[in-house]
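Asks: This is the structure, below, for whatever I ask next.
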Amino acid sequence: MEEAVLLNQTTVVTCFRLRGLSINQNVQMAAFAMFLVFYVLTLIGNILIIITIIDDHHLHTPMYFFLSNLSFIDVCHSTVTVPKMLIDTWSEEKLISFDACVTQMFFLHLFACTEIFLLTVMAYDRYVAICKPLQYMTVMSWKVCVLLAVALWTGGTIHSIALTSLTIKLPYCDPDEIDNFFCDVPQVIKLACTDTHIIEILIVSNSGLISVVCFVVLVVSYAVILVSLRQQISEGRRKALSTCAAHLTVVTLFLGHCIFIYSRPSTSLPEDKVVSVFFTAVTPLLNPIIYTLRNEDMKNALTKLMGRVKGREKK
């Protein structure tokens, strides 16, 4: 009854106001220039990885199949938030409609959760390749890879639908300001004019649990891999360590954000925006750098591709 009275006395929110990174105009312009560069490099780097893997038949292996999926997800993940943030730096109001906000949350969690599952699958792929090399092509057959890809995308979709559904059902009224530069579930549900304690618990149980469980599985997988590497020859160990180090770096950067944001109640901390910047703009840019600079096969394939492109231009 009290909630009904409250809704009658307030204006139902049809759009939200994003606070952005800063109210200082100079900081906003600097952020625009920096994020524009980050976004362009993210698109170029990840799309180049996808093209290189498709072009080079030597890279048609399970590891690079999953890496191409990771690059595709990073392009989509960055595109969900960064273009809107770039536009908002030139706007004083920084408004986003309720429907656009829900759409942004849906795709943000779709790509984020799918990437978490993908990183876990990639760790399993490296475990089989290093610890059971003779069984690798049997265990990681193309049929298995496709089924794993379908499963992780399906899991990400189910997770995103669940979280978005919880958010849509809530009644929203003034205030309408989101303390971030994009819509995310923890910040949005704080604006609901009803008790959200149960929903916060569900979010922690869902997103937080997924992040923590996957992180534990990944750490255990890489621990087993490192133990196994002690028994291998030095050259094979060096190459495997390089690959695992790249994977572990990506995992730490990405899952660190998810655990920090979604494993606690919806309370704002000063560090949230900084962590969100790494999550949405920096990590998708670092992935192609980490995987290409530490991977001889990718560097050789990129060199060949660039050589063929230059040869065609001369003709």
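Asks: Apply the Karplus curve 6.51 cos²θ - 1.76 cosθ + 1.60, θ = phi - 60°, to the phi angles in region 15-20 and return the couplings in whole Hz, x for Gly and Pro.
Replies: Taking θ as phi minus 60°, the curve returns 8, 10, 10, 7, 6, x Hz for region 15-20.
Asks: Remind me, relative contact order of region 14-168 in percent, using alpha carbon pairs under 8 angstrom and six or more residues apart? Let's see the in-between values first.
Replies: Details: 124 pairs, mean separation 46.0, N = 155.
Here the relative contact order equals 30 percent.
Asks: While we're on this one: With everything on Cα atoms, drop me the angle between helix 25-55 and the longest principal axis of the chain, reported from 0 to 90° to the nearest 10.
Replies: Rounded to the nearest ten degrees, it is 40.
Asks: Still on this structure: Hey, can you grab everything whose amide H is under 5 Å from the amide H of Ile178? Only 5+ residues off in sequence or another chain; H modelled, so Pro and N-termini drop out.
Replies: Under 5 Å from the amide H of Ile178 lie the amide H atoms of Arg17, Leu18, Arg19, each far enough along the sequence or on another chain.
Asks: What percent do you get for the relative contact order of region 15-303 when only Cα pairs under 8 Å and 6+ apart count? Walk me through the intermediate numbers first.
Replies: Values: 322 pairs, mean separation 78.6, N = 289.
Reported as a whole number, the value is 27 percent.
Asks: Short version: ³J(HN,Hα) in whole Hz for each residue of region 179-188, in order, from phi by Karplus 6.51 cos²θ - 1.76 cosθ + 1.60 (θ = phi - 60°), x for Gly and Pro, what are they?
Replies: Going residue by residue, I get 7, 6, 9, 8, 7, 9, 4, x, 6, 6 Hz, with x marking Gly and Pro.
Asks: Please find, in a Gaussian network model of the chain (springs between Cα atoms separated by less than 10 Å), the residue of Val75, Val121, Val40 whose mean-square fluctuation is greatest.
Replies: Between Val75, Val121, Val40, it is Val40 that shows the largest mean-square fluctuation.
Asks: Report the FRET efficiency, 1/(1 + (r/R0)^6), for Ala192 and Ala33, where r is their Cβ-Cβ distance and R0 is 45 Å, rounded to 0.05. Each step should come with its number before you reach the end.
Replies: Working: r = 36 Å, r/R0 = 0.79.
The formula returns an efficiency of 0.80 here.
Asks: Quickly estimate the mean residue ellipticity at 222 nm for the chain, helices only: each DSSP H run with n ≥ 4 gives -39500 (n - 2.57), and the total goes over all residues, rounded to 500.
Replies: Numbers: 13 runs with 229 residues, N = 315.
Here the helix-only value at 222 nm equals -24500 deg cm²/dmol.
Asks: Here's something else I'd like to know. Using the Cα centre of the chain as the reference point, and only Cβ charges (+1 on K/R, -1 on D/E), how large is the resulting charge dipole? Debye, rounded to the nearest 20. Display every interim value, and only then the final one.
Replies: On the way: 23 positive and 24 negative charges, 373 e Å.
Its charge dipole is roughly 1800 debye.
Asks: Related question: Go through Cys244, Thr138, Pro284 and say which Cα lies farthest out towards the positive end of the charge dipole of the chain; charges sit on Cβ, +1 for Lys and Arg, -1 for Asp and Glu.
Replies: Toward the positive end, the furthest listed residue is Thr138.
Asks: Now for a separate question. Within the chain, which is the longest segment that contains none of the GluC sites (Glu not before Pro) sitting in a DSSP loop with at most 11 other Cβ atoms within 10 Å?
Replies: 94-270
Asks: Compute the long axis of helix 283-293 from its Cα atoms, compare it with the longest principal axis of the Cα atoms of the chain, and write down the angle in degrees, 0 to 90, nearest 10.
Replies: 10
Asks: Another question, then. For the pairs Lys94/Lys299; Lys143/Lys299; Lys143/Lys169, note any where the Cα-Cα span goes beyond 30 Å. Write down the numbers at each step before the final one.
Replies: Details: Lys94/Lys299 41 Å; Lys143/Lys299 28 Å; Lys143/Lys169 39 Å.
Correct reply: Lys94/Lys299; Lys143/Lys169.
Asks: With unit charges on the beta carbons (Lys and Arg positive, Asp and Glu negative) and the dipole taken about the Cα centre of the chain, which residue among Val217, Leu166, Phe66 sits farthest to the positive side?
Replies: Of the candidates, Phe66 comes out farthest on the positive side.
Asks: Hey, another quick one. For region 15-303, with all protein chains present and a 1.4 Å probe, just round the carbon and sulfur fraction of the accessible area to a whole percent.
Replies: Values: 9210 of 13100 Å².
Solvent-exposed carbon and sulfur of region 15-303 make up 70 percent of the total.
The values are calculated or read from the model by the stated rules, or taken from the named source; none is laboratory data. Treat the numbers as computed from the prediction; the structure is a model and nothing was measured. Note: ideal-geometry Cβ built from the backbone for every residue, glycine included; neighbour counts use all protein chains shown. Just the protein is used for accessible areas: all its heavy atoms, side chains included, with ligands, DNA and RNA removed. Shrake-Rupley method; radii C 1.70, N 1.55, O 1.52, S 1.80 Å.
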